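Student: Got a structure for you, written out below as structure tokens; questions coming shortly.
The values are calculated or read from the model by the stated rules, or taken from the named source; none is laboratory data. A quick note: this is a predicted structure, and the numbers were derived from the prediction, not measured. Note that we place each Cβ from the backbone using ideal geometry, even for glycine, and neighbour counts take in every protein chain shown.
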Amino acid sequence: MKKASKQRPKEESRQYMPMQSSEGLGKRKIGIMGGTFDPVHYGHLVAAEEAYFSLGLSEVIFVPTGDSFHKEDLPVSQVEHRYNMTMLATLDNPHFRLSRIEIDRKAPSHTVDTLREMRHWFSPNGVCFHFITGLDAVLNIASWKEPEAIADLGKIVAVSRPGYNPQILDHLPDEIKQSLIPLEIPLLAISSTAIRNRVREGKSIRYLVPWPVEHYIYKSNLYYRNGW
Ligand code: DND
């Protein structure tokens, strides 16, 4: 009788190698998934995973914002809650990493500052950042701090999002367009705003966020009131 193989499935046995050498292989392509993540949900995770496989990234670093200055009119949860939820959501994926770079900066979280600082983590000229962002966010990129510099520092991956037509990218300035990589991903009509509203209204959020994030939200009493 044939002996059952003791080999683990490929996905489980993949070893995480955070600092592979780029010698002879061209530049390392590092995905950066920035967000307020209030809370992180499957839309974010699918975007990062799809970019990882489609673009041959060596890893995706999740970067929760510290000071979300661009949401100053809205209540945003405490940064440690957003960080903890992002950690819980990314923990079981060997090619996802998490960074406190924007949290520890204690200044408004501008993407250009983050990319410039992160360059020092890698060998000079050995890295090509791929900043992953939804179509909705990339639409406003011209109003971000030094958008041309962001485009110079790497690629901007514009992932599809329900309700947004990729043709809107045509209206972006040429300096941005030259670095754009439009990427079609499985569309998930999930948003952090909708999840917060559902919690407040007592509706289920199961299957919209990973279950540890769901439990974290309930245990920490997040989103129940208008101000949080
Ligand atoms: P959000 O607050 O939109 O994050 O911030 C996205 C990034 O933009 C952060 O890294 C910010 O620091 C940066 N930003 C914004 C404004 C100004 C500047 C920088 C500046 O440098 O001056 P969310 O948590 O709401 O969403 C995270 C990402 O996930 C976004 O790109 C969003 O479009 C995307 N997303 C989805 N993509 C596909 N399907 C879904 C999605 N839900 C969210 N269902």
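Student: Please find, within region 136-165, the residue that is nearest to the ligand (Cβ to nearest atom) out of those that are farther than 25 Å from ASP67 by Cβ and among the small types (Gly, Ala, Ser).
Tutor: Pass one, region 136-165, residues farther than 25 Å from ASP67 by Cβ: 155, 160, 162-165.
Remaining after also requiring among the small types (Gly, Ala, Ser): 160, 163.
Working: SER160: 7, GLY163: 10 Å.
Filtering first and then ranking leaves SER160.
Student: So which residues in region 40-58 are within 14 Å of the ligand (Cβ to nearest atom) and part of a loop (DSSP other than H, G, I, E, B)?
Tutor: VAL40, HIS41
Student: Please determine whether any residue of region 96-117 is among the hydroxyl-bearing types (Ser, Thr, Tyr) and either closer than 23 Å to PRO210 by Cα or away from the ligand (no atom under 14 Å from the Cβ) (or both).
Tutor: Scanning region 96-117, I find at least one residue that is among the hydroxyl-bearing types (Ser, Thr, Tyr) and either closer than 23 Å to PRO210 by Cα or away from the ligand (no atom under 14 Å from the Cβ) (or both), so the answer is yes.
Student: Can we say ILE61 is part of a strand (DSSP E or B), farther than 24 Å from LYS177 by Cβ, in contact with a Gly (Cβ under 8 Å, 6 or more places away or on another chain) and among the hydrophobic types (A, V, I, L, M, F, W, C)?
Tutor: So ILE61 fits the description; yes.
Student: Just to be sure before I move on: is VAL76 touching a strand residue (DSSP E or B) at 6+ places or on another chain (Cβ under 6 Å), among the hydrophobic types (A, V, I, L, M, F, W, C) and either assigned to a loop (DSSP other than H, G, I, E, B) or crowded, with 18+ Cβ neighbours inside 10 Å (or both) in the structure I sent?
Tutor: So VAL76 does not fit the description; no.
Student: Quick one: in region 136-172, which of the residues that are within 21 Å of THR114 (Cα to Cα) and among the small types (Gly, Ala, Ser) is surrounded by the most Cβ atoms within 10 Å (Cβ to Cβ)?
Tutor: ALA158
Student: On the basis of being within 15 Å of the ligand (Cβ to nearest atom), more than 25 Å from ILE30 (Cα to Cα), touching a residue at least 60 places away in the same chain (Cβ under 8 Å) and of a type in the set (Lys, Arg), does ARG196 make the cut?
Tutor: So ARG196 fits the description; yes.
Student: Failed condition for THR133, given (1) hydroxyl-bearing (Ser, Thr, Tyr); (2) near the ligand (Cβ under 8 Å from one of its atoms); (3) surrounded by fewer than 19 Cβ atoms within 10 Å (Cβ to Cβ), with all others met?
Tutor: (3)
Student: Looking for something basic (Lys, Arg) and modelled with pLDDT under 95 - is there at least one such residue anywhere in region 136-152?
Tutor: no
Student: Cβ-Cβ under 7 Å, sequence separation 6+ or interchain: first residue in region 43-59 and polar (S, T, N, Q), partner outside any loop (DSSP other than H, G, I, E, B). Which pairs?
Tutor: SER54/LEU183; SER58/ARG28; SER58/LYS29; SER58/ILE30
Student: Which pairs have Cβ atoms under 6 Å, sit 6 or more apart or on different chains, and link a residue in region 79-99 that is at positive phi and assigned to a helix (DSSP H, G or I) to one that is modelled with pLDDT of 95 or more and surrounded by 17 or more Cβ atoms within 10 Å (Cβ to Cβ)?
Tutor: Hits for this filter: zero, empty list.
Student: Mind listing whichever residues of region 53-73 are exposed (fewer than 12 other Cβ atoms within 10 Å of the Cβ) and among the small types (Gly, Ala, Ser)?
Tutor: GLY56
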